[in-house]
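The numbers here are math on the coordinates, done by the rules we state, and not lab data. Owing to the predicted nature of the structure, the values given are computational and were not obtained by experimental measurement. A quick note on method: Cβ atoms are made from the backbone with ideal geometry, for glycine too, and the neighbour counts reach across all protein chains shown.
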Amino acid sequence: MKKTVVKFGAYGAITICVLFLISWFALDGLSLSVQEVLGYVSIVLSLSFVYFGIKQYRDKENAGKLSFKDALIIGILISLITALVFGLLDVFYTEVLNPDFMADYYENASDNLRASLPADELEAQLARLEAEREQFSNPLMSFTFMALTVFIIGFIISLLSSLILHRK
């Protein structure tokens, strides 16, 4: 099981890093909202290795049998590897490669709020946005949030894959 988890966790981590780099270099001119959607698509694509890892373990290493619990554990561990690598990549990006990202992101978000909200709601939303900005300026919080986002999506994919692939 360990070999499968490490192998497919590495595949997921490499995939999310490659897709991140592709989006950074090739899709930089797109709006932040489009980039965000593509980011989630990249997360789901990289976590597709959860399904393939569980299937590989069931078919090649466990003689076609796999309990729901074991499948879920494999999926969670693969997701965890991918999530941790993405969290580290995100911190490296925002702290080293593009330290102005948070300022640019929150400036864009505040401009969108100003364009779409009436004055009475605007101040409350800008205060909320500023509080979020302060939280994400801490690399540990940024790492935790990004890794947790990927892990939660990975957990859902692990649950679905376990339901599909378990066999007695």
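What is the percent of Cα-Cα separations in region 71-148 that go past 18 Å? Percent of Cα pairs beyond 18 Å in region 71-148: 53.
Averaging the sequence gap over all C-alpha pairs within less than 8 Å and six or more residues apart, then dividing by the number of residues, gives region 24-131 a relative contact order of 18 percent. Magnitude of the charge dipole for the chain, about its Cα centre and with charges confined to Cβ atoms of Lys, Arg (+1) and Asp, Glu (-1), is about 1740 debye.
How many angstrom separate the Cα center of region 92-168 from the Cα center of region 35-70? The two parts, judged by their Cα centres, are 24 Å apart. Both radii were evaluated on the Cα set of the chain; the Rg over Rh quotient, with Rh as the Kirkwood radius, amounts to 1.08. The packing ranking of peptides 54-62, 119-127, 8-16, 100-108, highest mean first, is 8-16, 54-62, 100-108, 119-127, where packing means the average number of other beta carbon atoms within 10 angstrom of each residue.
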